[in-house]
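Novice: Sharing a structure with you now.
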Amino acid sequence: FEPTAAAVARWWDLTGLAKRHQAFLDAHEPVLHRWARRRVVPPEDAYRDYLPALDSWRRLPYADPGALLPPDWPGARAAEVFAALHRKLRDAGAVYAARQLS
């Protein structure tokens, strides 16, 4: 038997996965910072910013071994950023999408 950390490093491409998380952060953390200063959430703006974040995020949780990774793993911060964008933008973005279907 090998230590769990060594097995995880062998079973997953951690370098590639860390790069994917970092790319998500590079693209969407600045968006979250811009929204953090805004109180009003216009539906069209929310949709414009939420959809790319959702598309970038949707595969990452399934590729990540999660709890088996070190505390400084970029996936933890990426998950926090996506969760914050989701809370802030999803409902207003859905309003815009529904209007487009009407």
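Novice: For Cα Rg over 2.2 N^0.38 Å, several values are listed as (i) 1.04; (ii) 1.28; (iii) 1.71; flag the one computed from this structure.
Specialist: Step by step, Cα Rg over 2.2 N^0.38 Å for this structure corresponds to label (ii).
Novice: Enter the Cα centre distance for the pair region 1-57 and region 66-102, rounded to the nearest angstrom.
Specialist: For region 1-57 versus region 66-102, the Cα centre distance is 8 Å.
Novice: Excluding ALA18 itself, calculate the net charge of residues whose Cβ lies under 12 Å from the Cβ of ALA18, where each Lys or Arg counts +1 and each Asp or Glu counts -1. Present the calculation step by step, with values, prior to reporting the outcome.
Specialist: Details: positive: LYS19, ARG20, ARG77; negative: ASP13, ASP64, ASP72.
The answer is 0.
Novice: Remind me, what semi-axes does region 40-90 give for its equivalent ellipsoid, largest first in whole Å, using sqrt of 5 times each Cα gyration tensor eigenvalue? Intermediate results must be reported in sequence, preceding the final value.
Specialist: Numbers: eigenvalues 128, 25, 8 Å².
Sorted largest first and rounded, they come to 25, 11, 6 Å.
Novice: Considering only ALA79, ALA7, ALA97, whose Cα is most displaced toward the positive end of the charge dipole of the chain, charges sitting on Cβ of Lys, Arg (+1) and Asp, Glu (-1)?
Specialist: Towards the positive end, the residue furthest out is ALA97.
Novice: Suppose we flag trypsin sites (Lys or Arg not before Pro) only when DSSP calls them loop and at most 15 other Cβ atoms lie within 10 Å. Which is the longest uninterrupted stretch of the chain?
Specialist: 60-102
A short reminder: the numbers here are calculations on the coordinates, not readings from a lab. The shown structure was predicted, so the numbers you read here are calculated from the model rather than taken from an experiment. Ideal geometry is used to build each Cβ from the backbone, glycine not excepted, and the neighbour counts take in all protein chains shown.
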